[in-house]
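The values are calculated or read from the model by the stated rules, or taken from the named source; none is laboratory data. If you're wondering where the values come from, they're calculated on a predicted model, not measured in any experiment. As a convention, Cβ positions derive from the backbone with ideal geometry for all residues, glycine included, and neighbour counts pool all protein chains shown. For accessibility, only protein heavy atoms count, side chains too; no ligands or nucleic acids. Shrake-Rupley method; radii C 1.70, N 1.55, O 1.52, S 1.80 Å.
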Amino acid sequence: AEPPDQLAFVREDAHGGVTTVAVRGPVHTLYTNGKFQGNDGWEMKAQRGFAHYPSLFVRRFDHVLVVGLGTGTTLGTINAYPWRAIDLVEISPAIVEAARTFFAGPNRGALDDPRVTLFLEDGRNHLLVHPTRYDLISMELSSVWFAGAANLYSREFYALAREHLTRDGILQQWVQ
């Protein structure tokens with residue numbers, strides 16, 4: 001792959017490692033530790049689909065949990081639905097900063113929606129501590145091999161997610 005035209009953003013934090021936004025032509029691409037997380041170009045259709053497909057089957061739009069922010073495009077698409085409350089769990093403050101700064105267009109300013117409550121914590125720990133039940137849990141972590149991500153691909157996590165779904169609730173997960 002050719003190098004980017006510019007590295008517009010580089011941040012390191014203890015939770016997410018190194019988060020970067022690379023610019024090549026008109027496309028901004030988000031990376032965590034060098035691994036692709038999303039962009040504002042060709043990947044947007046898939047990122048929106050992660051919100052649209054499960055929403056076709058949701059019976060109530062009371063409470064949704066989004067685990068992992070990335071560019072925020074999926075969150076922005078979820079915000080287009082009539083959810084009463086949207087909980088967002090993201091472990092990395094740098095990813096939140098990058099989504100707010102470089103991807104506000106694709107995510108439609110979702111982080112500023114009053115229905116959104118941001119939790120800077122691990123998704124599994126969020127479910128362990130908070131008793132909320134959700135009509136939809138959406139999770140699109142792109143890499144199992146990042147520190148802590150394996151906690152979200154375990155039998156324990158799926159049992160925990162099931163406990164936090166409403167009777168007709170849906171778990172949507174991106175699988176690599």
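Observations on the structure shown:
- For the chain, the calculated P(r) over all alpha carbon pairs, in 5 Å bins from 0 to the bin holding the longest distance, is 2, 9, 19, 22, 21, 15, 8, 3, 1, 0 percent.
- Among Val23, Val129, Val96, the residue with the largest mean-square fluctuation in a Gaussian network model of the chain, with springs joining Cα atoms closer than 10 Å, is Val129.
- Of the residues Phe61, Ile78, Val89, the one whose Cα sits farthest toward the positive end of the charge dipole of region 37-100, with +1 on the Cβ of Lys and Arg and -1 on the Cβ of Asp and Glu, is Phe61.
- Ranking by accessible area, most exposed first, for Leu128, Leu165, Leu88 with a 1.4 Å probe: Leu128, Leu165, Leu88
- Note on region 8-94: Cα Rg divided by 2.2 N^0.38 Å, N the number of residues, gives 1.19.
- With the convex hull of its Cα atoms as the shape, region 84-139 has an orientation-averaged projected area of 4.1 nm².
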